[in-house]
Amino acid sequence: MSALTLERPRSLKAALASLAADPSLMPIAGCTDVYVGLHFGTTPERRFLDLWGLKELRGIGVDGDALRIGALSTYTEIIQSTLVQQRVPMLVAASREVGGAQIQNRGTLGGNVANASPAGDTLPVLAAAGARIVLRSQSGTRTVPFDGFYTSYRNSIRTPDELVVAIEIPRLQGRQWWRKVGTRRAQAISKIMMAAVRGTDVRIGIGSVGPTVITATQAAAVLSGGGSIADAKAALLSEIRPIDDVRSTGEYRATVAANLLEQFWRET
Amino acid sequence: MRRKDGDAKVTGAAKYIDDLTFPGMLYGATVRSSIPRGTITARHISLPDGYTVADHRDIPGPNYVALIDPDQPCLAVDEIRHVAEPLLLVAHADKDALLHLDTRISIETRNGTPTYDPEASDVCFKKIAIDKGDLDAGFKAADVIVDGEYRTAHQEQLYIETNGVIAVPGDGRMTVYGSMQCPYYVHRALVVLLALPPDKVRVVQTETGGGFGGKEEYPSILACHAAILARKAGRPVKMIYDRVEDLLATTKRHPSIVRHRTGLTRDGRLTAMDIDVIMDGGAYATLSAVVLSRGVIHAAGPYRCDHIRIRGRAMMTHTPPNGAFRGFGAPQTLFAIEAHIDRIAEQLQIDPVRLREQNALRPGDTTATGQQLGRDASALAVLRDAVKRSRFHQKRKAWAGTNRGIGLSLFLHGSGFTGGGEVKLASKASLELTPRGARILVASTEIGQGTRTMHAQIVADALGLPYDAIDVHEADTAFVPDSGPTVASRTCMIVGKLLERCARDMRRRLGTLTPAQYYKKHGAFTVTSQYEPPPGLQWSDETYAGDAYGSYAWGCNVVELEVDPVTFDVTPLNVTAVAEIGKAIHPMMAIGQIEGGTAQGIGYALTEEVVMKDGRMANAQLTNYIIPTPLDAAPMDVGLLERPYAHGPFGAKGVGEMPIDGPAPAVINALRHCGFDIRSIPATPERLMRARLHHGFSKAGT
């Protein structure tokens, strides 16, 4: 096993310079998934860039009409933020169900986004909220829609020299809904989870039912257009690609995805 | 009553195996098979200096792990029977040097065809037949015959501390320290493997973070591995499994298939029970014969019936060996009979409590093996108490047709080794006088269940001394006699009784003197007592008839639960657990045993699933092997009943294993009340969904 190396930049500028010089560096923050991957030998990276000390990436505030959440905001900070509680209660609900208190203290929203797991707990919320991801590199900043951020299983449009610096969430109209279906009541990885917003338009994000988090645009369109729940469920089933794994079955995920859609519609 | 092990554990002073180091110590690792069945054709090892490598040729004695049958090699010669088969051992002073050994060691194999279905296996480890009365006559007398097939899966013990040992060689001796339940099992395995006289081998139990049977037989092979390396290197060797290796390689509960054919009169009296039990033993016999034995003896449940036939088989499959786990075969067969009894009640349209009341074993009745029960037979008492406490009938009626269900189970559990086992063990316990009281010398281990505390209480009471005047020696074979293994709910009833006898002997010898006075005048002395069967106890291994156990503890569980119609998640709302255990020596610890066993039983019923893929556990992580957290375990109402057993210490019977016998069938019966026809566990949401999708719902309104 080759040795691990860790760089600890003192500023965002220094971090971006390091990354530009060596794009093989893996940016890390809370490390809640990195440690697991290293232990199991599934994380091939050996060189790491520790962002944890970068104050520029912390903080939750309002920017224009949008809520801006710094990439290093932990789940605990999100849960405790009055702004998030008021504007995106479904994100608070999702954050509460990530791991246990220790994980919530270390895990970050930016890490959840960059890690790109289809089982990332907050990702359906960002999909349903129509969030934007703020990326920065030495050559500048770009803000991209969360829809389309992921290109395939654990891959995104983020280039190796870019960092996720913030997540922007527009002001949401309508009722928000969230449910995680885990393997147990605490300390569980999701078998499936759904976030949804019911306003003049309907938006639905769903996780663990495909190679990436999925924005269920067709099911949402059926519901927005006054279609029946049966048609919406059929549309949803055509949009997801659930599989069998050690945690659940594709059949279960499909059935429960449809059930969750119905529950969301009934409860909002 | 303060726990003897409490202060050291709470303050962190207690030393577990990984807390210990020895000068010059190396770390050991195991190179395992990666295929479920095959033959080794070549081994290529390219390691630089500094490594110690050992294989089967480094074993001085016979190459097997001594337990019951000499069939399990300590290190493979050429045959591979499971994916975790140990092939080579490697040691190095730097623990990190043992990572990624697979890049430097390659094993060539010729693959064989594995068998995973015990019914398709052509190797049988053990067959047992129990016959009582005349089965044909029993079926002739029946108005109704009910058939049923029930299945249970692997379950992992999931002690918090993984398996680990340190072997220290020297001067023609071998000393092994480790996390274990049975120091003398490890001692025997080492004596055989190393071909050493017994007095040259010493085994010391270090503070142990849980066992549940998972450290009954497994530490023997691990101790042998460490000792082989230590002998070859001439240095101490530490081997500690990480969680993944512990889950992949160590024993699990035997999966089972149990088939019932039951004859009854129209009003619900049992006339005939025909029971077929199949246990999946995994790759080697290990303890399968005795797990099967306890399983078949409990297979007819706590019921009286004149005509019974039970057939049991333990079969070989190509997965790591299955082994001891709290309950030891009984949870499997009691799951089957208790789920079956509810199906019978349903078919006869008799209330499930009434059906059980009618057939429950009473004092003077005989069990399947013909054992006549004493006055402490308490099936009716626990059943009635649990039904009353839980308001079973009101809830059963009120919840009909909803997504809430209530179900119950009635069970018994034999205390101590089965049949003639205790006579063969001939266990010993000793008590040594000290200036302030007495010191207990037993090989029984404290594994979190309270051995030291409970033994000290028994001795203190029998000696008439305060609890604090009693010390407990660590379980070290150089000092303590062989009290038998810490298994089979025998530590209180059997070993506790030996200690009670020692204490009474010591009391007589002290006369009117206090320990301090006697010690000053005459010095120390030690009294020892050895197991003697209670008068009249008889057992035949040939006919499998007689007194299977000295006594039985009795239990009844009522489980209340709710099924989420969206996700098929099951929420246990409440569990009522009533146990009759003779005498609770330490009521709080006894209740703790019952609560812990019940939670473990809820996990067995609902979430704990060993996902086997090509003979390998595919979910060998705490993240994916789902034990209940406190949020998943239900609130519990525990009731203790005491009907003293004449030959237990102060009347005590066994308590450790029984609590895991009842929750699974009670859960499945509660799910049946909700309309789900489930006959195998774990009843995961995925299985409940299939039951709903493919079989529909059997009652209206849900």
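A short reminder: the numbers here are calculations on the coordinates, not readings from a lab. This one's a predicted model, so the numbers in the text were calculated from it and none came from an experiment. Please note: Cβ atoms are built from the backbone with ideal geometry, for glycine as well, and neighbour counts cover all protein chains shown.
Some observations on this one:
- Values of log10 I(q)/I(0), in the order q = 0.11, 0.17 Å⁻¹, for chain A under a Debye, Cα-only, solvent-free model: -0.59, -1.37
- Near-label residues of the range B:460-486 by backbone N, under 14 Å of a point 7 Å along Cα→Cβ of B:Q530: B:481-484
- Rounded to 5, the percent of DSSP beta bridges in chain A classed as antiparallel: 85 percent
- Cβ crowding within 10 Å, taken as a proxy for footprinting-reagent exposure, orders A:Y150, A:Y75 from fewest neighbours to most as A:Y150, A:Y75.
- Among A:248-257, B:532-541, A:99-108, B:451-460, the peptide with the highest mean count of other Cβ atoms within 10 Å heads the list, and the full ranking is B:451-460, A:248-257, A:99-108, B:532-541.
- Distant-in-sequence amide H partners of B:L641 (H built 1.01 Å from N, under 5 Å): B:A579, B:E580, B:I581
- Separation in nanometres of the label points that stand 7 Å from Cα toward Cβ, at A:L4 and A:A20: 2.8 nm
- In order through the range A:255-265: 3J(HN,Hα) via Karplus (6.51 cos²θ - 1.76 cosθ + 1.60), integer Hz, x for Gly, Pro: 4, 6, 4, 5, 5, 5, 4, 5, 5, 4, 5
- Per residue of A:184-191, other chain Cβ atoms within 10 Å of the residue Cβ number 6 on average.
- 12 Å beta-carbon shell around B:Y159, net charge (K/R +1, D/E -1): -1
- 10 Å Cβ neighbours from other chains, averaged over peptide B:584-592: 0
- Simple spin-label estimate for B:L631 and B:S34 in nanometres, 7 Å along Cα-Cβ: 3.8 nm
- Beta bridges assigned by DSSP with both partners in the protein assembly as shown are antiparallel in approximately 80 percent of cases.
- Report note on the peptides A:81-87, B:410-416: ranked by the mean count of other C-beta atoms within 10 Å, highest first, their order is B:410-416, A:81-87.
- Charge context of B:A227, other residues only, Cβ under 11 angstrom, K/R +1, D/E -1: +2
- Computing Rg and the Kirkwood Rh from the Cα coordinates of the range B:421-530 gives a ratio, Rg/Rh, of 0.96.
- A straight line joining the Cα centroids of the range B:532-572 and the range B:249-298 runs 12 Å.
- Its residue count N fixes a reference of 2.2 N^0.38 Å for the protein assembly as shown, and the Cα radius of gyration divided by that reference is 1.02.
- DSSP bridge pairs, the range B:421-530: antiparallel proportion in percent, nearest 5: 75 percent
- Residues whose amide H comes within less than 5 Å of that of B:H154, counting only those at least five positions distant or on another chain, are B:V610 (H built at 1.01 Å from N in the peptide plane).
- Residue-wise HN-Hα couplings along the range B:480-492, as the Karplus relation 6.51 cos²θ - 1.76 cosθ + 1.60 with θ = phi - 60° gives them from phi, are 9, x, 7, 8, x, x, 8, 7, 6, 6, 10, 5, 7 Hz; Gly and Pro carry x.
- Average partner coverage of B:629-638, which counts Cβ from other chains inside 10 Å: 2
- Across all C-alpha atoms in the range A:137-248, the radius of gyration and Dmax reach 16.2, 49 Å.
- In sequence order, calculated HN-Hα J values of the range B:402-413 (Karplus, 6.51, -1.76, 1.60; Hz; x Gly/Pro): 10, 8, 9, x, 9, x, 9, 8, 10, 7, 9, 9
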